[in-house]
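To start, the structure under review is shown below, and the notes come after it.
The values are calculated or read from the model by the stated rules, or taken from the named source; none is laboratory data. All of these numbers come straight from a predicted model, not from anything done at the bench. We place every Cβ from the backbone using ideal geometry, glycine too, and count neighbours over all the protein chains shown. What goes into the accessible areas is simple: the full protein's heavy atoms, side chains included, and nothing from ligands, DNA or RNA. Shrake-Rupley method; radii C 1.70, N 1.55, O 1.52, S 1.80 Å.
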Amino acid sequence: MFRCSVRPFPLASPSYGPRPEVSPLPASSRPPRPRSTPPRRPQPPRESGPRPPGRRWPRWGPRAVTTLSVLVLAAAGIGHAVVSSLDAGIDRVDPFRDMKNRPEAGHGTNILLVGTDGREKVGAQARRTYRLGGTPCNCTDTIMIVHLSEDRRRASVVSLPRDSYAMTPPHTDRVSGEEHAGHPVKLNAAYAEGGPELTVRTVEKMTRVKIDHYLELDFTSFMKTVDAVGGVELCTTEPLKDSHTGLDLPAGRHTLRGGEALRYVRARHVDGAADLGRMKRQQHFMAALLDRTTSSGILLNPMKFRDVTRAVLGSVRADEGFGAGELLALGRALRDFSPASSEFTTVPLGEEGHVVEGIGATLKWDPEKSEKIFAALREDAPLSPPPSPDAARRVPVDPRRIRVQVENGTETEGLGRRVDAALAATGFRTTRAPVNAADRSVRRTVVAYDPRWDRSAQSLAAALPGSELRAVEGQGATLRVIAGTDFEKVREVRAEDPGQDGSGVVRGDEAGCA
């Protein structure tokens, strides 16, 4: 259960006719209940007390991602009867049966979220359309640990590459019934040999993180959930094309529905990064899904709540301890959750292409770096320290590709020159010829932009804290900054692939569209 388009900027002067700069002349409560007819029977009492564990958060785009919707939707505090009625439809598994010598429990809640193929549940036409041919592998496409902090203010998602080198504990093969001693496998093969139980045991052995809940999702729940929320907006800085899945996205901003979103999160042949690149895109998708769910009013719409809940719970498998009551109570705790509350990473790798006889090329984890990640989960700590207020903010468009004309919207002499110099020092392509604005009484700094260059405008606005974005049809590629009396400083920004700052951790508000 992871990035927008960059257009060249012509050097033509803007058409609005700026004038040379001259010296100035002397002078939360709870959301409202939707209206409805009175219920025929008494509503269950509002739950209170400690928030039970168990929360669903995705990493693998398709399946992992869908769980996220239900948790956030439940935050509305509505639909208890709907969720309860669907509880009985959840396919139950017992991944913790007879488990001994488990890691010590820490604070917070750890969920092992796996995505299985499940293409046999997809209709024949959809399988052809979305390139889902072939035989299911009866293994896990995606494996991730989702940690929800004890105070319910942070979600940490750690992706475990499916080709990770793993050593299973002793177990019984679920197909042949043969007793196996511990032996090396690729991590995703543990599911084929011993199902959810062996998968949980293998992950706990490798990470020393105690798993509290197990959730398993498939293609069907993913596509239905994306459609239920009305699609998810994603951005890409370059074209993405994968002949294996049929993905074909030009650079830019896109709203993806279920099937196209499935192509996006499954694509492995977009570049040379294979599964590692796919995991980053899935993290982008998760951030975008969270933003869509929390900002679109879905939480206040009982019908949407019901539809998304049905889409997810209709195809999920979970342990007995994860039910509708836990889901709803946890969702209420996430009422103020946002993309910035989440963080994503992949287990740091020490060796790629580690060949094991009978298994093939595997990925070996970096022992020291991976232990830091798992220690943070055990200790209920952030995966990396939060950025300082003065740290450079990542933006989707490189400032060096953004053409800017500065205007002085105040009576303060030289303000335009100060703003122009500060933006140029940060990397923006200013004209170096600031002018006076027609209106010299501007209080709040304005970034005026042509809607076709909205991502560039968002990158520029990030460098001007508190500025106002103002769309101007037909303005062209050159952005205008009208400096107001509120101007204090230009904040440093940079365009960089999220997660490449050395920590490998991406926050949700960095992975989604700006």
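Annotations
- Restricting attention to the stretch 230-245, the residues that are open to solvent by 20 Å² or more (accessible area, probe 1.4 Å) and of a type in the set (S, T, N, Q) add up to 2.
- Residue that is surrounded by the most Cβ atoms within 10 Å (Cβ to Cβ) [pool: residues in the stretch 88-130 that are at positive phi and modelled with pLDDT under 90]: 118
- Filtering 425, 457 for residues that are outside any loop (DSSP other than H, G, I, E, B) and open to solvent by less than 10 Å² (accessible area, probe 1.4 Å) leaves a single hit, 457.
- Within the stretch 156-175, tally of residues that are within 27 Å of the chain's Cα centre (by Cα) and either charged (D, E, K, R) or open to solvent by 10 Å² or more (accessible area, probe 1.4 Å) (or both): 3
- Residue among 248, 227, 218 that alone is in contact with a Gly (Cβ under 7 Å, 6 or more places away or on another chain) and surrounded by fewer than 22 Cβ atoms within 10 Å (Cβ to Cβ): 227
- Filter result (in a loop (DSSP other than H, G, I, E, B) and either in contact with a Pro (Cβ under 6 Å, 6 or more places away or on another chain) or of a type in the set (Gly, Ala, Ser) (or both)) within the stretch 245-288: 246, 250, 251, 267, 272, 273
- Filter result for residue 205 (outside any loop (DSSP other than H, G, I, E, B) and over 21 Å from residue 112 (Cα atoms)): no
- One residue alone among 452, 444, 470 is open to solvent by 50 Å² or more (accessible area, probe 1.4 Å), part of a loop (DSSP other than H, G, I, E, B) and either of a type outside the set (Asp, Glu) or modelled with pLDDT under 95 (or both), and that residue is 444.
- Figure legend. Inter-residue proximity from the stretch 138-157: first residues farther than 19 Å from residue 283 by Cα, second residues hydrophobic (A, V, I, L, M, F, W, C) and open to solvent by less than 10 Å² (accessible area, probe 1.4 Å), beta-carbon distance below 7 Å, spacing 6+ or different chains. Indicated pairs: 152/334.
- If you go through the stretch 147-194 and pick out every residue that is touching a helix residue (DSSP H, G or I) at 6+ places or on another chain (Cβ under 8 Å) and under 14 Å from residue 342 (Cα atoms), you end up with 10.
- Filter pass, residue 403 being of a type in the set (Lys, Arg) and under 22 Å from the mean Cα position of the chain (by Cα): no
- Some residue of the stretch 183-196 being on the phi > 0 side of the Ramachandran plot, surrounded by fewer than 22 Cβ atoms within 10 Å (Cβ to Cβ) and assigned to a helix (DSSP H, G or I): yes
- Scan of the stretch 315-356 for residues that are part of a strand (DSSP E or B), open to solvent by less than 40 Å² (accessible area, probe 1.4 Å) and either among the hydrophobic types (A, V, I, L, M, F, W, C) or at pLDDT below 70 (or both), ordered by number: 318, 344, 356
- Check on residue 395, at pLDDT below 85, under 28 Å from residue 493 (Cβ atoms) and crowded, with 22+ Cβ neighbours inside 10 Å: yes
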